[in-house]
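Asks: Please read through the structure below; I'll follow up with questions.
The values are calculated or read from the model by the stated rules, or taken from the named source; none is laboratory data. What you see is a predicted model, and the numbers here were worked out from it, not measured in a lab. Virtual Cβ from ideal backbone geometry, glycine too; neighbours counted across all protein chains shown. To get the accessible areas, we keep the full protein, side chains included, count just its heavy atoms, and leave off ligands, DNA and RNA. Shrake-Rupley method; radii C 1.70, N 1.55, O 1.52, S 1.80 Å.
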Amino acid sequence: MEEKRKQKKAVALKYDQENDAAPKITAKGKGIVAEKIIELALAHDIPVKDDPDLIEILSELEIDEEIPSEIYVAVAELLAFVYSANKKRAAKS
């Protein structure tokens, strides 16, 4: 049981303001799959945020499922982090 808690998890979200009502799950996994999701995100300059509580909730959703309204605030904070990171990266270019 302890080993399961220590296993890394990752969830990828996509949000298109023009076409999506809410962010959607685009990838999720644990262990080696989670490491690969993170590796690909970093390789493509996609910001990564470590939030174990949010990952636990999001990992229960299915691929291409919109996030439920109950966690909009938490995901909005995540999106604010991503937008801020992207803005800082653009300023450095």
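Asks: Can you compute the helix-only [θ] at 222 nm over the chain? Use -39500 (n - 2.57) per DSSP H run of at least 4 residues, normalise by all residues, nearest 500 deg cm²/dmol.
Replies: When only DSSP H runs of four or more count, the value is -14500 deg cm²/dmol.
Asks: Nearest 20 debye, what's the magnitude of the dipole of the chain about its Cα centre given +1 on Lys and Arg Cβ and -1 on Asp and Glu Cβ?
Replies: In total the dipole reaches around 560 debye.
Asks: At 1.4 Å probe radius, can you tell me the per residue accessible area of the chain in Å²? Numbers along the way, then the final one.
Replies: Numbers: 6980 Å² over 93 residues.
Per-residue value: 75 Å².
Asks: Using a probe of 1.4 angstrom, how much of the accessible area of the chain is carbon and sulfur, in percent?
Replies: Numbers: 3740 of 6980 Å².
Reported share for carbon and sulfur atoms: 54 percent.
Asks: Tell me, what is the percent relative contact order of the chain, built from C-alpha pairs under 8 Å that lie six or more residues apart? Display every interim value, and only then the final one.
Replies: Details: 92 pairs, mean separation 25.6, N = 93.
Result for the chain is 28 percent.
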